[in-house]
Amino acid sequence: KGGKDQLIIDAGQKHFGMTICKSCGMIYTASNPEDEMQHLQHHHRFLEGIKYVGWKRERVVAQFWDGKIVLVLPQDPSYAIKKVEDVQELVDLELGFHQVVPTCPNKTKTFLFIDEKKVVGCLIAEPIKQAFRVLSEPSAGKECSRAWQCSDVPEPAVCGISRIWVFRLKRRKRIARRLVDTVRNCFMFGCFLSTNEIAFSDPTPDGKLFATKYCNT
Ligand code: ACO
Ligand code: ZN
């Protein structure tokens, strides 16, 4: 067997066997035992992490026909904090963030979008004083897709969105949009923040597409 032929065959099989799990959303190759094993590990951990049993004193800040948004504050009972930590861990894993320490953990506000008994969306917001506007797309061929060019002139801002995430199988249903609307409404008592007063920190390509669309409509 020539090396080249083998490569082509492998690539073909990979493409052919691609599966998306209907419960956890992971895309993997079902015909590859190693991939399958990885999926099983992820599957269990993920579904445990997003499982939401409901709390006696949950703070519901918005309600919709397909779910509700629950706000968790740093002084909340430990079971609520634990759930937020578990979800954040899954989100960080997916985003490739490592050990991001919040600047002011006692002022962090976490918004969870709950659909039935699952956390399908999460937004972590913290107070900020200034933000730097994103100026342009990264130049083609740049290795790091997060290297957007930023202005070096700080602009005043109020609320920093350090994480926004929606479960893969629930994307493009306006869950992120409703999370941001709710943050603008709830972050500061008695006022609705303008899009200029919120800032997305270190956005991913997905995050930037969403933020651009959100802020222009
Ligand atoms: N590509 C193009 N446009 C998009 C995308 C996308 N991937 N995602 C959202 N938009 C735009 C669309 O115009 C959309 O409206 P439409 O569906 O009517 O066309 C509009 O934004 C609103 O989108 P929502 O449905 O509210 O967004 P969704 O609930 O799918 O969540 C999110 C968007 C959070 C970015 C999701 O894709 C996700 O979790 N991605 C992986 C995690 C991630 O990268 N998060 C951002 C990290 S940056 C940070 O945390 C600061
Ligand atoms: Zn799965």
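Just so it is clear, none of the values below were taken in a lab; they were calculated from the coordinates. The model shown is predicted, which means the values in this text are computed figures rather than measured ones. Note that we place each Cβ from the backbone using ideal geometry, even for glycine, and neighbour counts take in every protein chain shown.
Using a Förster distance of 41 angstrom, determine the FRET efficiency expected from the C-beta separation of K56 and R168, and round it to 0.05.
Efficiency, rounded to the nearest 0.05: 0.85.
Taking the Cα-to-Cβ direction at M26 and at E155 and moving 7 Å from each Cα, how far apart do the two end points lie in nm?
4.1
Let me have the relative contact order for segment 26-112, percent, based on Cα pairs under 8 Å that are six or more residues apart.
Over segment 26-112, the number comes to 26 percent.
Pull up all non-local amide H partners of Q149: gap of 5 or more, or a different chain, and H-to-H distance under 5 Å with H placed in the peptide plane.
Here the answer is L135, S136, since their amide H atoms fall under 5 Å of that of Q149.
Treating only the Cβ of Lys, Arg, Asp and Glu as charged (+1, +1, -1, -1), what charge dipole size does segment 31-80 show about its Cα centre? Round to the nearest 20 debye.
Magnitude of the dipole: close to 480 debye.
Which pairs, out of K117/K208; K82/K173; K22/K213; K56/K118; K109/K213, put more than 25 Å between their alpha-carbon atoms?
Cα-Cα > 25 Å for K117/K208; K82/K173; K22/K213; rest within.
Which FRET efficiency, nearest 0.05, do K129 and S194 yield, Cβ-Cβ r, R0 25 Å?
The formula returns an efficiency of 0.95 here.
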